[in-house]
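Peer 1: The structure that follows is given in the form of structure tokens.
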Amino acid sequence: MGEQFDAAYWEARYLSGQTGWDAGDVTPPLKHYFDQLREKQLRILIPGCGNAYEAEYLYRQGFGQVYVADVAEAPLRQFSARVPDFPKEQLLQQDFFSLEGGYDLLVEQTFFCALDPTLRPRYARQCANLLQPGGKLVGLLFNTTFAQAGPPFGGTREEYIGYFEPFFDFIHFETATNSLPARQGRELFMLLQKK
């Protein structure tokens, strides 16, 4: 992980409230996808989870095998305070690249755009490593460039296809139609299946 974006960097961002990416709730595209899931025993991982609104939503809907991971302690502590009945052993303060697999579903929500772009090929490979055969990666990626230096780091659909194609079949990879207003037209909704 790039040294400037290590655990201390993210801890400082959370403690100082510099979390402009935080939507304050599960985003509409992911909520819509989650509402279609029927298998409550899915083993789900949300890496770089931040305040983990997605995990809270899934857990409240009866998904008991939701795991959240973040390199920083502050968001995990805040999540635990907000959702005190969430199993503590499913809160993983760990670097994404050191996690081990066996998941049915990985949820991407503003983690990819927070990583140093040089790590993107490694991210795609690690997602595949963490998933069971036939497992899925669902989430949102920014399909835009940003004027300011990142994070967040933007990119293009064509660039992203290059990272994921070696490991995944593309079920859906198009502009999200139900993004938050500030992100409208600038997000790709992806649903990929491990090859």
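Peer 1: Restricting attention to the stretch 40-87, and to residues there that are in contact (Cβ under 8 Å) with a residue 40 or more places away in the chain and assigned to a loop (DSSP other than H, G, I, E, B), which single residue is farthest from L106 (Cα to Cα)?
Peer 2: A72
Peer 1: Quick one: which residue in T118, T110 is surrounded by fewer than 16 Cβ atoms within 10 Å (Cβ to Cβ) and in contact (Cβ under 8 Å) with a residue 60 or more places away in the chain?
Peer 2: Matching residue, one of T118, T110: T118.
Peer 1: Taking L192 as the residue in question, decide whether it is within 19 Å of N51 (Cβ to Cβ), under 15 Å from the mean Cα position of the chain (by Cα) and not hydroxyl-bearing (S, T, Y).
Peer 2: Considered against the rule, which asks whether it is within 19 Å of N51 (Cβ to Cβ), under 15 Å from the mean Cα position of the chain (by Cα) and not hydroxyl-bearing (S, T, Y), L192 comes out as no.
Peer 1: Would you mind telling me which numbered condition in (1) in contact with a helix residue (DSSP H, G or I) (Cβ under 6 Å, 6 or more places away or on another chain); (2) more than 26 Å from D104 (Cβ to Cβ) P181 fails?
Peer 2: (1)
Peer 1: Then there is this: Output the residues belonging to the stretch 47-78 that are more than 24 Å from N129 (Cβ to Cβ), touching a Phe, Trp or Tyr at 6+ places or on another chain (Cβ under 7 Å) and modelled with pLDDT under 95.
Peer 2: N51, A74 - these are the residues of the stretch 47-78 that are more than 24 Å from N129 (Cβ to Cβ), touching a Phe, Trp or Tyr at 6+ places or on another chain (Cβ under 7 Å) and modelled with pLDDT under 95.
Peer 1: Given the condition in contact with a Leu (Cβ under 9 Å, 6 or more places away or on another chain) and farther than 18 Å from H32 by Cα, answer yes or no: does some residue in the stretch 172-187 qualify?
Peer 2: No, that holds for no residue.
Peer 1: When you go through F173, F142, F86 one by one, which is the residue that is surrounded by 13 or more Cβ atoms within 10 Å (Cβ to Cβ), closer than 20 Å to L42 by Cβ and in contact with a helix residue (DSSP H, G or I) (Cβ under 8 Å, 6 or more places away or on another chain)?
Peer 2: Sole residue among the options that is surrounded by 13 or more Cβ atoms within 10 Å (Cβ to Cβ), closer than 20 Å to L42 by Cβ and in contact with a helix residue (DSSP H, G or I) (Cβ under 8 Å, 6 or more places away or on another chain): F86.
Peer 1: Something else about it: Look through G101, G135 and report the one residue that is closer than 26 Å to E159 by Cβ, surrounded by fewer than 16 Cβ atoms within 10 Å (Cβ to Cβ) and not polar (S, T, N, Q).
Peer 2: Exactly one of G101, G135 is closer than 26 Å to E159 by Cβ, surrounded by fewer than 16 Cβ atoms within 10 Å (Cβ to Cβ) and not polar (S, T, N, Q), namely G101.
Peer 1: Right, next: Cβ-Cβ below 6 Å, separation at least six or inter-chain, first residue in the stretch 167-195 and touching a residue at least 40 places away in the same chain (Cβ under 8 Å) and of a type in the set (A, V, I, L, M), second loosely packed, with under 13 Cβ neighbours inside 10 Å and in a loop (DSSP other than H, G, I, E, B): which pairs?
Peer 2: none
The values are calculated or read from the model by the stated rules, or taken from the named source; none is laboratory data. Keep in mind that this is a model prediction, so the values were computed, not measured. Here the Cβ is made from the backbone with ideal geometry for all residues, glycine too, and neighbour counts use every protein chain on show.
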